[in-house]
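Asker: Would you mind keeping the following structure in view while I ask a few things?
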Amino acid sequence: MINVSGHLRNERRATGFADDSSPLSVNCCGMQVFKTKDYSQNRSAGRVDYQLIYIYKGAGHYYMNKEWHALGAGNILLFRPQEPQTYSYYAKEHPEIYWIHFTGSNCINIINKYQLHNCYIGEHILLKTLFQETIIELQLKKAFFEDVVLSNFLQILAIIARSHQKILSPLENDFSIDRLVMQLHQRYKDNWSVESMAKYCKLSVGYFSHIFKKRMGVAPMRYLTELRVEKAKDLIATNTMYLSDIAPMVGFPDPLYFSRVFKKTTGIPPTEFQQSLLTSNTPEWWSEK
């Protein structure tokens with residue numbers, strides 16, 4: 001199992017941390033990948049803060065409304081203060097889970113603004129990236145990290161709301177964009193350009209760029225870049241290859257350019273990201289989530 005988390009404060013309480021002195025703040029953020037061990041949590045009295053969970057891969061099992069629910073990848077869950085939290089993850093289902101705890105006097109207004117609730121939004125790479133960047137910010141605590149963390153969190157909420165709205169009212173050209181996205185995930189190391197993507201969708205470059213951004217939330221090349229960086233992260237986390245070998249495998253023939261893009265996308269160079277995974281994979285944090 002892999003457990004990586006970042007905390008705002010030194011207090012790491014199983015019951016959470018409530019603070020109404022500010023409108024909104026993030027207590028902690030983390031990710032969990034279950035490969036060999038199962039995990040169960042039972043907080044009958046809940047926590048004193050809010051918890052948002054994103055199931056990026058696999059599945060999770062949650063006890064809600066007096067019955068168990070198996071929720072697959074793409075689902076969002078919101079636990080409010082004092083709401084019982086009982087759930088399990090099974091390694092055989094290969095779950096990859098992202099979570100964030102937050103508090104503040106304006107939480108209810110924020111939740112209402114973004115209509116945040118248990119819902120399905122699908123697999124969203126940018127959302128995963130924002131969770132990971134938030135974890136790193138909370139770990140490194142560089143200058144103005146609290147502002148970056150709060151900005152990331154508001155982006156997370158906006159993306160969840162936007163993605164859910166898209167599912168409720170899909171666009172006419174979703175089919176061609178969806179086919180392209182599937183191709184990008186399979187052929188991300190190919191030499192794609194906006195022109196070649198538009199040609200694949202049989203659309204003009206201008207119209208394609210417009211509907212792609214409206215559909216996916218980011219411009220086409222940014223989506224591809226973030227996808228490549230995510231694939232690089234997976235390779236860095238699961239392999240012992242040199243970074244110079246990983247670069248061309250994810251579409252960057254030049255390792256130096258790969259490092260610059262990786263740093264621009266994540267905020268840190270790939271070497272530092274690799275080291276952060278090695279130093280923060282500490283099992284004792286399970287009880288602090």
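Asker: So how tilted is helix 270-280 from the main axis of the chain? Cα-based, degrees 0 to 90, rounded to 10.
Answerer: Helix 270-280 sits roughly 20 degrees off the main axis of the chain.
Asker: Okay, next question. Keeping all protein chains in place and using 1.4 angstrom, which order do F131, F175 fall into by accessible surface area, from largest down?
Answerer: Greatest to least solvent exposure: F175, F131.
Asker: Please report, as a whole percent, how much of the solvent-accessible surface of the stretch 81-213 comes from carbon and sulfur atoms (probe radius 1.4 Å).
Answerer: 54 percent
Asker: Let me ask you something else. Show K92, K35 ordered by accessible area, largest first, where the area counts protein heavy atoms only and the probe is 1.4 Å.
Answerer: K92, K35
Asker: Please report the relative contact order for the stretch 212-272, taking Cα pairs under 8 Å with a sequence separation of at least 6, and give it as a percent rounded to a whole number.
Answerer: 23 percent
Asker: Enter the angle in degrees (range 0 to 90, nearest 10) between the Cα long axis of helix 125-140 and the first principal axis of the Cα atoms of the chain, meaning the one along which they spread out most.
Answerer: So the helix axis and the longest Cα principal axis differ by about 60 degrees.
Asker: Continuing with the same structure: Relative contact order for the chain: what is it in percent, counting Cα pairs under 8 Å that are at least 6 residues apart?
Answerer: 19 percent
Asker: A follow-up question, please. Per-residue accessible area for R47 at 1.4 Å probe radius, Å² rounded to 10?
Answerer: Roll a 1.4 Å probe over it and R47 shows about 10 Å².
Asker: So what's the angle, to the nearest 10 degrees on a 0 to 90 scale, between helix 255-266 and the longest Cα principal axis of the chain?
Answerer: Roughly 40 degrees between the two axes.
Asker: Skip the ligands, DNA and RNA, and give the accessible area per residue of the stretch 44-121 with a 1.4 Å probe, whole Å².
Answerer: 44 Å²
Asker: What does the charge dipole of the stretch 145-252 about its Cα centre add up to, to the nearest 20 debye, if the Cβ of each Lys and Arg holds +1 and the Cβ of each Asp and Glu holds -1?
Answerer: Here the stretch 145-252 has a charge dipole of around 360 debye.
Asker: What fraction of the Cα pairs in the chain, stated in percent, has a spacing above 33 angstrom?
Answerer: Of all Cα-Cα distances in the chain, 24 percent exceed 33 Å.
Asker: Which of N191, N152, N65 ends up with the largest GNM mean-square fluctuation for the chain, with Cα atoms connected below 10 Å?
Answerer: In this elastic network of the chain, the residue with the biggest mean-square fluctuation among N191, N152, N65 is N65.
Asker: In debye to the nearest 20, how big a dipole does the stretch 210-280 give about its Cα centre with +1 on each Lys and Arg Cβ and -1 on each Asp and Glu Cβ? All intermediate terms of the calculation are to be shown ahead of the outcome.
Answerer: On the way: 10 positive and 6 negative charges, 97 e Å.
Dipole of the stretch 210-280, to the nearest 20 debye: 460 debye.
Asker: Which is farthest toward the positive dipole end of the stretch 1-96 among A70, G46, T36, measuring Cα position about the Cα centre, with Cβ charges +1 (Lys, Arg) and -1 (Asp, Glu)?
Answerer: T36
Asker: I would also like to ask the following. Any idea what the dipole of the chain comes to, in debye rounded to 20, about its Cα centre with Lys/Arg Cβ at +1 and Asp/Glu Cβ at -1?
Answerer: 440 debye
Asker: Over 26 Å between Cα atoms, which of K128/K189; K142/K263; K128/K202; K57/K189; K37/K263 qualify?
Answerer: Flagged as over cut-off: K128/K202; K37/K263.
The values are calculated or read from the model by the stated rules, or taken from the named source; none is laboratory data. Here the structure is a predicted model, which means the values were calculated and not measured. Cβ: placed from backbone, ideal geometry, glycine included. Neighbour counts: every protein chain shown. Ligands, DNA and RNA are excluded from the accessible area calculation, which covers all protein heavy atoms including side chains. Shrake-Rupley method; radii C 1.70, N 1.55, O 1.52, S 1.80 Å.
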